[in-house]
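The values are calculated or read from the model by the stated rules, or taken from the named source; none is laboratory data. Only a predicted model underlies this, so the values are computations on that prediction, with no experimental measurement involved. With ideal geometry, Cβ positions are generated from the backbone for all residues, glycine too; neighbour counts draw on all protein chains shown. For accessibility, only protein heavy atoms count, side chains too; no ligands or nucleic acids. Shrake-Rupley method; radii C 1.70, N 1.55, O 1.52, S 1.80 Å.
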Amino acid sequence: MSSEMEVEKPELMLYNTMTQQKEVLKPINPGKIRMYVCGITAYDFSHMGHARAGVCFDVLYRYLRHLGYEVTYVRNFTDVDDQVIDRANECGVRPLDLSSRFCNEYLVDMTSLQCLLPTHQPRVSDHMEHIIKMIETIIAKDCGYEVNGDVFFSVDKSPNYGQLSGQLLDHTRAGERVAIDPRKRNPADFALWKAAKPDEPSWESPWGPGRPGWHIECSAMSALYLSPRFDIHGGGSDLIFPHHENEIAQTCAACEDSGVTYWLHNGHVTNNKVKMGKSLKNFVPIREVTAKYHPLALRHFLMSAQYRSPLNYSVLQLETSSDALYYVYQTLEDLVEALSPYREAICEDGGKAEQTAEAKKIVRDVKSEFESKLSDDLNTSHVLAGAFQDAMKFINVSITKLKKMQKKPRMSLVVSLVEVEKAVREILDVLGLLTSLTYGDFLKEMKQKALARAELAEEEVLQMIETRRVARMNKDFEQSDDIRKTLALQGISLMDVPGRTTVWRPCLPFASQPKSGATQQARPP
């Protein structure tokens, strides 16, 4: 980031689930943040809910680094679990082979969404020693008990149980993914260790062969990689109870100096207003979406609502995000082309030309607005709605002015445009929306996705453009309009460049069409 963006950074406010209010981020160790986020249970391809959690906490990770923090980010994989075992049995494969495959598939999806790799990505199967040691400590402190090879946590020994979720102990149930076990001292007691069943993966322990319960893994791995006391713990809102509530009880029982300062939870992705999930069989895999929409358009969509709010899966919203992102990159591509004749002059100028006052104000305001909104509990929806508008407008207006200006004021405007572009790129980078491709190549990728949605080959579109050109030459405007409307309904917009040719770009399908005989204008490519 440029030095200008590091001046007078605002305080970062985050909503703490524990206190149910926004709080100023104050790290335990000044300048350093330790963050743990619950990852996936790896037994299938990841869906939109997983994508949202990945993107939400990636934005937080990126923004913390932007603010100058040194961040240790841990995100785990649950690769040993009832669901993994059940799916492996269905598929006739070994459970760890199945989970290893889907851990890797998840990373492919996260890479496509431009989520940065966490500092550590521990898997349960690699940390049995640490998990067993924590369980031994819990038992030694009389907070856990063993029954026929199973070990349970005694919630009666946790005086603050329910503090995160607001659940009253008398109202809780087993807090597990299985039915209540009559051997428990309290129905709310939960498994720390499960005795081995035939043909299930197991590890040796002081209580016999078995495997961990669901919750203990995160307590053990967060304590190992971050220490029992750390700054931020994140995950989906469905994890507040029982998972995170049980984590707190376990870690407090095992470690005297333990605690999480800020608990953050992202909202669900819904499908027809119902929480999306594998158990409900209403989930949409990430791969299914990115087959037809650019992964960065999906990322844009996932940030289009404030991270704590529910986000309803909607094709229209995906189209809107795709269109918004295309507009930003088309504007930047137009800028590159407009500035290309002046690149040599910029080098020769050697910094003599100054930005215009208008450009300075736009750069300052855009950066200030961006940081103000993101510092207000990561309000990405407001950032996407307003961060680029003034910058895009300035770029588009300035491009038309360049060729008409005298040399000296023109150089000042050229320098101004370079700085505005730099500011836009900085914001895109923090949001994870900055492509590593050239603007032109990125736009080509987005156009290929639009063709996939329309189920058309580009050759077909070009042939329809040619047919329309001939129809216009023959003054058959009815056919010309029909071709335009047909393509527009499929998300393909035709744009007539004055005096030259017709080009196409993606658009919102079913959008209002221009009146008969009207034309859409575009700057020459």
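Some observations on this one:
- Bridgeable aspartates and glutamates around K408 (alpha carbons under 18 Å apart, same-chain partners fewer than 8 residues away excluded): E344, E348, D349, E354, E358, E419.
- Only Lys, Arg, Asp and Glu carry charge here, each on its Cβ (+1 for the first two, -1 for the last two); on that basis the chain has a dipole of about 1740 debye about its Cα centre.
- Annotation note: GluC sites (Glu not before Pro) in region 334-408 located in DSSP loop regions with a Cβ neighbour count of at most 13 within 10 Å are E354.
- Normalising by residue count, the chain has a Cα convex hull of 167 Å³ per residue.
- Counting only DSSP beta bridges with both residues in the chain, the antiparallel share comes to about 50 percent.
- Share of carbon and sulfur in the accessible heavy-atom surface of the chain [1.4 Å probe, %]: 51
- Anisotropy class of region 391-467 from Cα gyration tensor, a/c 1.5 cut: oblate
- Nearby lysines by direct alpha-carbon distance to K184 (threshold 27 angstrom, same-chain neighbours under 8 apart not counted): K133, K141, K157, K194, K197
- Exposure of M464 as accessible area (Å², to 10), given a probe of 1.4 Å and all protein chains: 50
- Per-residue [θ]222 nm for the chain (sum of -39500 (n - 2.57) over DSSP H runs n ≥ 4, rounded to 500): -14500 deg cm²/dmol
- Computed packing ranks the peptides 226-232, 21-27 as 226-232, 21-27, most packed first, by mean other Cβ atoms within 10 Å.
- Only aspartates and glutamates eight or more places from K447 in sequence, or on another chain, were considered; those with a Cα closer than 18 Å are E288, E319, D323, E333, D334, E455, E458, E459, E460, D496.
- Legend: distances between Cα atoms for K361/K393; K422/K444; K26/K373; K22/K373; K32/K422; pairs beyond 24 Å are K32/K422.
- Average accessible surface area per residue within region 75-123, 1.4 Å rolling probe, Å²: 44
- Three principal axis extents of region 29-180 based on alpha-carbon atoms, in descending order, are 49, 46, 31 Å.
- Selection from W203, G236, G149, by position along the positive dipole direction of region 119-244 (Cβ): G236
- For region 29-76 versus region 300-361, the spacing of their alpha-carbon centroids is 25 Å.
- Size descriptor, Kirkwood hydrodynamic radius, that averages inverse alpha-carbon separations across region 204-266, Å: 12.4
- For the peptides 139-151, 372-384, 471-483, the ranking by packing is 372-384, 139-151, 471-483, with the highest mean count of neighbouring Cβ atoms within 10 Å listed first.
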